[in-house]
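Data block below; observations after.
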Amino acid sequence: KEEFDEVFLFKDDMEIINPNWLRDMRDAVYSDERIGVVVTRNLFRISHVAMGFSLFKLKVFEEVEFFDERFKIGEIDDVDFSVRMILNKWKFAYLNNENEFDYYIHRMSMAFKQLGWDEQIKNKERFREKWRDTEWEKLVL
């Protein structure tokens, strides 16, 4: 049985081009015990991280649990997960890279295109309903 302490997520429309990506991400995620996830700079937001190319400590999933399945493919599932990380006192970090293309090539996701505008709007409504009457409700407009 193989043991591991990290979970790596990346989208179906990315191609990794940097042979040092895992070493760099592991160095960053273990630079502070409360860092739970590391992403590239372009995926780092003030209130959340876009999780298209991200390395998590496994402990994060043990505490926060997994992605909420009520959110369909699209931007809101990672916002919700980020909120739950914050509530559990986890920090976000980013690689100190100049641009995203230092690590991967990103193409437009077919899954995201297939989701459609209506479902994206429903995802936002689901988020606002879940976080109603909290400081997080207005995070997604």
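Quick look at the values:
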| read-out | value |
| --- | --- |
| The range 50-67 - phi-based ³J(HN,Hα) in whole Hz, Karplus 6.51/-1.76/1.60, Gly and Pro as x | 7, 9, x, 8, 9, 10, 10, 6, 4, 4, 4, 5, 5, 8, 8, 6, 8, 5 |
| Integer Hz, Karplus 6.51/-1.76/1.60 couplings in order for the range 134-141, x for Gly and Pro | 10, 5, 8, 3, 8, 5, 10, 9 |
| Dipole moment magnitude, nearest 20 debye, the range 1-95 about Cα centre, only Lys, Arg, Asp, Glu C-beta charged | 340 debye |
| For the chain, accessible area per residue (1.4 Å probe, heavy atoms of protein chains only), Å² | 62 Å² |
| Loop sites in the range 1-49: GluC sites (Glu not before Pro), DSSP, at most 13 other Cβ within 10 Å | Glu2, Glu3, Glu33 |
| Whole-percent carbon and sulfur share, accessible surface of the chain, 1.4 Å | 51 percent |
| Ranked by how many other beta carbons lie within 10 Å on average, peptides 16-24, 122-130 from highest | 122-130, 16-24 |
| Antiparallel content of DSSP bridges confined to the chain, in %, to 5 | 70 percent |
| Protection-proxy order for peptides 58-66, 85-93, each taking the mean of Cβ atoms within 10 Å per residue, highest first | 85-93, 58-66 |
| Size of charge dipole - the range 24-67 - debye, nearest 20, with Cβ of Lys, Arg +1 and Asp, Glu -1, no other charges | 180 debye |
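The values are calculated or read from the model by the stated rules, or taken from the named source; none is laboratory data. All values derive from a computational prediction rather than experimental measurement. Backbone-built Cβ (ideal geometry, glycine too); neighbour counts: all protein chains shown. Only protein heavy atoms, including side chains, enter the accessible area calculation; ligands, DNA and RNA are left aside. Shrake-Rupley method; radii C 1.70, N 1.55, O 1.52, S 1.80 Å.
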